[in-house]
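The values are calculated or read from the model by the stated rules, or taken from the named source; none is laboratory data. Quantities reported herein were computed from a predicted structural model and do not represent experimental measurements. No Cβ is skipped: glycine too gets one built from the backbone with ideal geometry, and neighbour counts run over all protein chains shown.
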Ligand SMILES: NC(=O)c1ccc[n+]([C@@H]2O[C@H](COP(=O)([O-])OP(=O)(O)OC[C@H]3O[C@@H](n4cnc5c(N)ncnc54)[C@H](OP(=O)(O)O)[C@@H]3O)[C@@H](O)[C@H]2O)c1
């Protein structure tokens, strides 16, 4: 499988690093692009793949998969740039937040499978959560190919495109909520007299271990929580405080607000793209 990654910045290079490490493709099967020479040279050195500044057309030509990893507002311009070399057999994948598939289809003007993925930042340690949707042309075989790529950087979930705003709010932004939880737990440990180092190490591992246990046990989190509680013990005393301050309700509201905000970002992006068309 030959892959072109157009705009190998933070997310594009994290995806590339993951698929190379997992052996999904070899370095010789990858072509990547950036805007600047400096970034291209840095990536060539770090990943050992062919990277050019510009050169999107040459990179996309003949590839089996073309990944669009430039900023959302730049995607239509890049797709129009490569339009003449796009083929129906290729798979086009956009990582751009908030950008609807229909905008990419319009710019591509080619009857081809188009996927939209929302990865989150833990893809850099191959523990990402990646929501994926696609257009009606994509088949089960295309889905399998795309999933193979993203599985190299984390866990995947297919959703309808209307649900991508919720994915953005839940797992796209989610790491920020969890970093806040780690930060607060660390501060609490320090307040109770633990060293910063011990407090941070125990907080990080508690989040990591609880997530791993939840995934591997396949039990509802409420059951797992109940298993930690001893009647009259310390955990239920802490949980009472968390309930008093509305921890669960706060997270539900935060993700609901972020979902609405993601929808507004799509509208703003569509207006910006329209403006670009007429300028
Ligand atoms: N970062 C995240 O956590 C995250 C999460 C989900 C989705 N995404 C999506 O991933 C995409 C990239 O985000 P990012 O954070 O990785 O941004 P980024 O680090 O700024 O990467 C964008 C890359 O695009 C390159 N570029 C710009 N114009 C180009 C052009 N015309 N042709 C080829 N390359 C070009 C830039 O090159 P230079 O470096 O040389 O300027 C840069 O390397 C966005 O659409 C974003 O919505 C990001």
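Considering each of 210, 254 in turn, give the residue that is touching a residue at least 60 places away in the same chain (Cβ under 8 Å), surrounded by 13 or more Cβ atoms within 10 Å (Cβ to Cβ) and not assigned by TED's automatic domain parsing to the domain that holds residue 122.
From the options 210, 254, the qualifying one is 254.
Being surrounded by 11 or more Cβ atoms within 10 Å (Cβ to Cβ) and touching a helix residue (DSSP H, G or I) at 6+ places or on another chain (Cβ under 7 Å) narrows it down to one of 236, 229, so name that one.
229
Would you mind stating whether residue 36 is surrounded by fewer than 19 Cβ atoms within 10 Å (Cβ to Cβ) and within 24 Å of residue 270 (Cβ to Cβ)?
Criteria not met by residue 36.
Restricting attention to region 52-66, and to residues there that are outside any strand (DSSP E or B) and more than 9 Å from the ligand (Cβ to nearest atom), which single residue is farthest from residue 132 (Cα to Cα)?
58
Across region 67-99, what is the number of residues that are within 14 Å of the ligand (Cβ to nearest atom), in a loop (DSSP other than H, G, I, E, B) and crowded, with 18+ Cβ neighbours inside 10 Å?
Total meeting the criteria: 7.
Among the residues of region 136-148, are any under 11 Å from the mean Cα position of the chain (by Cα) and buried (at least 21 other Cβ atoms within 10 Å of the Cβ)?
No, region 136-148 contains no residue that is under 11 Å from the mean Cα position of the chain (by Cα) and buried (at least 21 other Cβ atoms within 10 Å of the Cβ).
State yes or no: is residue 49 within 15 Å of the ligand (Cβ to nearest atom) and buried (at least 17 other Cβ atoms within 10 Å of the Cβ)?
Judged against the criteria, residue 49 is a match.
Just to be sure I understand, how many residues within region 8-33 are crowded, with 23+ Cβ neighbours inside 10 Å and assigned to a loop (DSSP other than H, G, I, E, B)?
Count: 1.
All but one of (1) in contact with a strand residue (DSSP E or B) (Cβ under 8 Å, 6 or more places away or on another chain); (2) surrounded by fewer than 23 Cβ atoms within 10 Å (Cβ to Cβ); (3) under 29 Å from residue 275 (Cβ atoms) hold for residue 156; which doesn't?
(3)
Can you name the number of the only condition in (1) within 14 Å of the ligand (Cβ to nearest atom); (2) farther than 30 Å from residue 111 by Cβ; (3) free of Cβ contacts under 8 Å to residues at least 60 places away in the same chain that residue 31 fails?
In the conditions (1) within 14 Å of the ligand (Cβ to nearest atom); (2) farther than 30 Å from residue 111 by Cβ; (3) free of Cβ contacts under 8 Å to residues at least 60 places away in the same chain, residue 31 misses (2) alone.
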